[in-house]
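Notes for the one structure printed next.
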Amino acid sequence: MSLSESIRQNFIEGDRWRYLADGLKTTLFITVFAVMLGMVLGFLVAIIRSTYLRTKKLLIPDLICRLYLTVIRGTPVVVQLLIIYFVIFGSVQISKTLVAVIAFGVNSGAYVAEIVRGGIMSVDIGQLEAGRSLGLNYRQTMIHIVMPQAVKNVLPALCNECIVLLKETSVAGYIAINDLTRGGDIIRSITFAPFLPLLAVALIYLIVVVVLTKLVGILERRLAANDRR
Amino acid sequence: MRMNKLFAGFSVLALSAMMLSGCGGPPPNKVHSKDDLKGKNVGVQLGTTGDTLAEDIENAKVEKYNKAADAVQALKQGKIDAVIVDLETAKSFVEKNNDIRVLDEEFADEEYAIAVKLDNQALQEELNGALKALTEDGTLQDIKANYEGDEQGQHPYQVKTNASRDKGKLTMATNAEFPPYESHDDNGSVVGFDVDMMNAVCDYLGYELHIDDMQFESVLPAVQSGKADVGVAGLSVTEDRQKNVLFTDNYAVTHQVIIVRKK
């Protein structure tokens, strides 16, 4: 079979490219909302953890956060996805996309938390002490002095986490969500030609990641504008 | 003070998650015939003939699971309205779950056959010869009786330890999620009708059977690419598939059925 013929068979016949286009939409939707949920959860956990480590306050929330980190980082995301779908929301009628957003968001939150905590701890404790001795309270010091520096430090790692999350959503097919990977699987299951659908899926992921990396690069440059060179 | 608030917040979250999982059963069954499937959520296993059939149902939303068992689980929990799957597989699910049943209405007959690589006519002929001989001496009928009918489990196929293995390894690609044709037993080995049949075929022809368990939609690509010599996974012969692999003579006739919740 010639290349143009297999392109026709895999993508054009029966509008099969739609499986990829719709899949990409679903993948991006899940990724965007999961990243948002993950960031919120991650920052919350990171602040609790670092506050406990530096001031020994918030002991119980810290324990809960550590439990969350242990459980989520200690189990595979596919298993978490299936547990959320079939056990936690077992008899509840809930949109599968929402299940995926929750599963990937909660999963990502654990990794974001440790990245951000690393960022907060990397800001010299002298900065915190300086803020406090200038009369700012702990919260003000965190918001105006520590966090801006921390976020700038962890931006590459956070970007990395977004990329990982985007690719991790490829297991959403386990709960019959037609994401990008599953779109390729469906085409393969119709045409039985593994080569082109897999390559197309890989290429689309790659393009999304490259675009994402570029955008974060621009953001990093903007944030670095007032750095000393 | 703030610590208590946070703690209370977490407790409420945990409690509501527990409540969510406990409350509310699945909605009542609305599918009583093939026609009722229109506009419903229909679960299938990706790439099966049930998948193809479901795609043709008007306005139906087809949910493609990796495993037929996951589709059945979703049906039981009310996430979908019906599952389309092969008759024998449907029976084994219904046996294990008392809240689902098989509708009497059936789809057209289809034939199971062994898939081999498109250019491997020699193997196709060899397998056809073996299937013919095993049908004539009653071996295949015995194996079949071991998996369906009144004498289940009474005719297990014993691999012949003294059979020749001169022709080397024959790799069989399958998806062990498809009882009674292939599934995992309590020890985790792949068992079922297809496995017994292939053991008999290999004993007859002098091959050593090697089973490779994979996702269903990977079975045919594995055969096409030569990673496996044969695909034996309750594969129905369809026109689309015949473009990509050779099929032997059929070894079983079956059809697709609809599983729904009892209530």
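The values are calculated or read from the model by the stated rules, or taken from the named source; none is laboratory data. Every value quoted in this text rests on a predicted model; they were computed, and no experiment measured them. FYI the Cβ positions are ideal-geometry reconstructions off the backbone, even for glycines, and counts take in every protein chain you see.
Annotations
- Residue that is farthest from the other protein chains (Cβ to nearest Cβ) [pool: residues in the stretch A:180-205 that are touching a Phe, Trp or Tyr at 6+ places or on another chain (Cβ under 7 Å) and β-branched (V, I, T)]: A:I187
- Some residue of the stretch B:88-100 being within 21 Å of B:K40 (Cα to Cα), in a loop (DSSP other than H, G, I, E, B) and either without any contact (Cβ under 8 Å) to a residue 60 or more places away in the chain or touching a Lys or Arg at 6+ places or on another chain (Cβ under 7 Å) (or both): yes
Rundown of residues vs (1) of a type in the set (A, V, I, L, M, F, W, C); (2) within 9 Å of another protein chain (Cβ to nearest Cβ); (3) more than 19 Å from B:V31 (Cβ to Cβ), yes/no style:
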{"site": "B:G43", "(1), (2), (3)": "no, yes, no"}
{"site": "B:E58", "(1), (2), (3)": "no, no, no"}
{"site": "B:I80", "(1), (2), (3)": "yes, yes, no"}
{"site": "B:V85", "(1), (2), (3)": "yes, no, no"}
{"site": "B:E88", "(1), (2), (3)": "no, no, yes"}
{"site": "B:K91", "(1), (2), (3)": "no, no, no"}
{"site": "B:E105", "(1), (2), (3)": "no, no, no"}
{"site": "B:G129", "(1), (2), (3)": "no, no, yes"}
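- Cβ-Cβ under 7 Å pairs, at least 6 apart or on other chains, the stretch B:194-217 side buried (at least 18 other Cβ atoms within 10 Å of the Cβ), far side part of a helix (DSSP H, G or I) and among the charged types (D, E, K, R): B:L205/B:E126; B:E217/A:D185; B:E217/A:R188
- Note on the stretch A:1-55: residues that are surrounded by 17 or more Cβ atoms within 10 Å (Cβ to Cβ), of a type in the set (S, T, N, Q) and farther than 30 Å from B:V62 by Cβ amount to 2.
- Residues of the stretch B:161-193 that are closer than 18 Å to B:K227 by Cβ, touching a residue at least 24 places away in the same chain (Cβ under 8 Å) and not in a loop (DSSP other than H, G, I, E, B): B:K169, B:L170, B:T171, B:M172, B:A173, B:T174, B:E182.
- Hey, A:F11 assigned to a helix (DSSP H, G or I), touching a residue at least 60 places away in the same chain (Cβ under 8 Å), farther than 23 Å from A:L158 by Cβ and among the aromatic types (F, W, Y) or not: yes
- Looking across the stretch B:25-62, the residues that are part of a strand (DSSP E or B), under 24 Å from B:T254 (Cα atoms) and not polar (S, T, N, Q) come down to B:V42, B:G43, B:V44, B:V62.
- Conditions (1) free of Cβ contacts under 8 Å to residues at least 60 places away in the same chain; (2) at positive phi; (3) surrounded by 13 or more Cβ atoms within 10 Å (Cβ to Cβ): number failed by B:G234: (1)
- In the stretch B:217-226, the residue that is nearest to the chain's Cα centre (by Cα) out of those that are of a type outside the set (G, A, S) and more than 8 Å from every other protein chain (Cβ to nearest Cβ) is B:V219.
- Flag set for B:N120, criterion: assigned by TED's automatic domain parsing to the domain that holds B:D213, more than 17 Å from B:K263 (Cβ to Cβ) and among the polar types (S, T, N, Q).
- When B:D119 is tested against (1) charged (D, E, K, R); (2) modelled with pLDDT of 90 or more; (3) in a helix (DSSP H, G or I), only condition (3) is not met.
- Complete set of residues in the stretch A:78-90 that are more than 9 Å from every other protein chain (Cβ to nearest Cβ), touching a residue at least 40 places away in the same chain (Cβ under 8 Å) and buried (at least 18 other Cβ atoms within 10 Å of the Cβ): A:L81
- Scanning the stretch A:157-179 for residues that are within 12 Å of chain B (Cβ to nearest Cβ), part of a helix (DSSP H, G or I), in contact (Cβ under 8 Å) with a residue 24 or more places away in the chain and touching a Ser or Thr at 6+ places or on another chain (Cβ under 9 Å) returns A:V171, A:A172.
- Residue within the stretch B:72-81 that is modelled with pLDDT of 90 or more, under 17 Å from B:Y204 (Cβ atoms) and either crowded, with 20+ Cβ neighbours inside 10 Å or of a type in the set (G, A, S) (or both) present: no
- Out of B:A228, B:A222, sole residue that is assigned to a loop (DSSP other than H, G, I, E, B) and crowded, with 22+ Cβ neighbours inside 10 Å: B:A228
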